[in-house]
């Protein structure tokens, strides 16, 4: 994936322009607060947060408000945003930091990666995360039924949901709403709260 395509024009079109944007700062803050509430409900400690593919960093402030003692790391392939906002300029497929993260956010990243790189990124999520993972990527079904394709970036790699579920299921319990918890993390989830 040519990382230069994530330039100022890309972010102007998909994030800044009210007529063509795919999401808003408010929507992303709401999503971050929901994820934080679910993680807090499960009593999972959060001291280190990785936002993999953080883009403009719209989840940063609400996540740090929810977890004020946590350190936040923004990971991004866009050289433009890394220079402007100070994120770490790396791909999720080959990012190898010291230590692991209690909470990993991976929102709308994997659809930009070709197959081999996407497989490496999925495996890396399991290495990077020691607690909770919030994961989202549009699937083939989403593109047909849920996405507003008039404002969505169509230059992506669509996969079926089972491709993601199979890889996530190797290391994580799926709790719903995109939240996954590592197999070895003890937590209580009532029967009717679980995804069957």
Filter segment 149-189 down to residues that are assigned to a helix (DSSP H, G or I), more than 26 Å from residue 24 (Cβ to Cβ), within 16 Å of the chain's Cα centre (by Cα) and without any contact (Cβ under 8 Å) to a residue 40 or more places away in the chain, then give me how many there are.
1
Among the numbered criteria (1) crowded, with 17+ Cβ neighbours inside 10 Å; (2) out of contact with any helix residue (DSSP H, G or I) (no Cβ under 6 Å at 6 or more places or on another chain); (3) under 17 Å from residue 39 (Cα atoms), which one does residue 163 miss?
(3)
With respect to the numbered conditions (1) part of a helix (DSSP H, G or I); (2) closer than 23 Å to residue 185 by Cβ; (3) in contact (Cβ under 8 Å) with a residue 12 or more places away in the chain, which one is the sole condition not fulfilled by residue 141?
(2)
Go through segment 2-55 residue by residue and tally those that are on the phi > 0 side of the Ramachandran plot and either crowded, with 16+ Cβ neighbours inside 10 Å or touching a helix residue (DSSP H, G or I) at 6+ places or on another chain (Cβ under 6 Å) (or both).
2
For segment 66-94: of the residues being without any contact (Cβ under 8 Å) to a residue 24 or more places away in the chain and assigned to a loop (DSSP other than H, G, I, E, B), which is surrounded by the most Cβ atoms within 10 Å (Cβ to Cβ)?
90
Right, residue 38: touching a residue at least 60 places away in the same chain (Cβ under 8 Å), touching a strand residue (DSSP E or B) at 6+ places or on another chain (Cβ under 8 Å), part of a helix (DSSP H, G or I) and more than 21 Å from residue 79 (Cα to Cα) or not?
yes
Looking only at residues that are part of a loop (DSSP other than H, G, I, E, B) and over 26 Å from residue 39 (Cα atoms) in segment 95-126, which one is nearest to the chain's Cα centre (by Cα)?
113
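Bear in mind that the values in this text are calculations on the coordinates, not laboratory data. In this text the structure is predicted, and so the values were computed from the model without any measurement. Because the Cβ atoms are built from the backbone with ideal geometry, glycine has one as well, and the counts that use them run over all protein chains shown.
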